[in-house]
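Below is one structure; the comments refer to it alone.
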Amino acid sequence: MIAKEVMKKEVVTLREDTHVKEIARLMLEHDISGLPVVDGQGKVLGVVSELDLMRKQIKPNEPSIWTMLWGMDADREKKQRDAIRKYMGKTAGEVMTSPALTVDVSDSLEKVGNMMFNKQVKRVFVTDGGKLAGVISRSAFTKLLLEGDEE
């Protein structure tokens, strides 16, 4: 089975300039926990999840005096910058996680499942020729279990 066969084709999308209040409204209205941010050509730029919106409301921890004196490694510094950016952000482009995880329409469902499991994400976006074609969420795997012949 391949991604194209199980993906949901109707995807609610965001533009980079979509305001965070509109994002929250769309998530609640459609009962979706994460939305892709796409450009004018349909290329996936990132994803805004409920966690990204939570980070917007929680002030980032300030670095300790020791960290300020001796610095922090590149990974911690990037995480700190991302936390501040999301906290201060007002649009999808400012709060999104980028890049979003994507797979091709022809990728195997096993590849999709392994990616989701290993990266601990709830969804991956499916692309065709670099453009958004659909989404596969964890619930797709649950539905497949019910449809399968195995007991």
- Residue by residue through region 19-57, note down the ones that are surrounded by 19 or more Cβ atoms within 10 Å (Cβ to Cβ), over 20 Å from V124 (Cα atoms) and touching a strand residue (DSSP E or B) at 6+ places or on another chain (Cβ under 8 Å). V20
- Query: Restricting the search to region 13-33, which residues are without any contact (Cβ under 8 Å) to a residue 24 or more places away in the chain, part of a loop (DSSP other than H, G, I, E, B) and more than 17 Å from L132 (Cβ to Cβ)?
  - Reply: D31
- Criterion (in contact with a Ser or Thr (Cβ under 6 Å, 6 or more places away or on another chain), modelled with pLDDT of 80 or more and within 27 Å of M54 (Cα to Cα)) met by exactly one of F117, F141, F125: F125
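If you go through region 1-12, how many residues are outside any helix (DSSP H, G or I) and either in contact with a Gly (Cβ under 8 Å, 6 or more places away or on another chain) or surrounded by fewer than 17 Cβ atoms within 10 Å (Cβ to Cβ) (or both)?
Result for region 1-12: 7.
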- Item | Residue that is nearest to I2 (Cα to Cα) [pool: residues in region 102-111 that are of a type in the set (A, V, I, L, M) and modelled with pLDDT of 95 or more] | V105
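The values are calculated or read from the model by the stated rules, or taken from the named source; none is laboratory data. What you see is a predicted model, and the numbers here were worked out from it, not measured in a lab. Methodologically, a virtual Cβ is constructed for each residue, glycine included, from the backbone with ideal geometry; neighbour enumeration extends over all protein chains shown.
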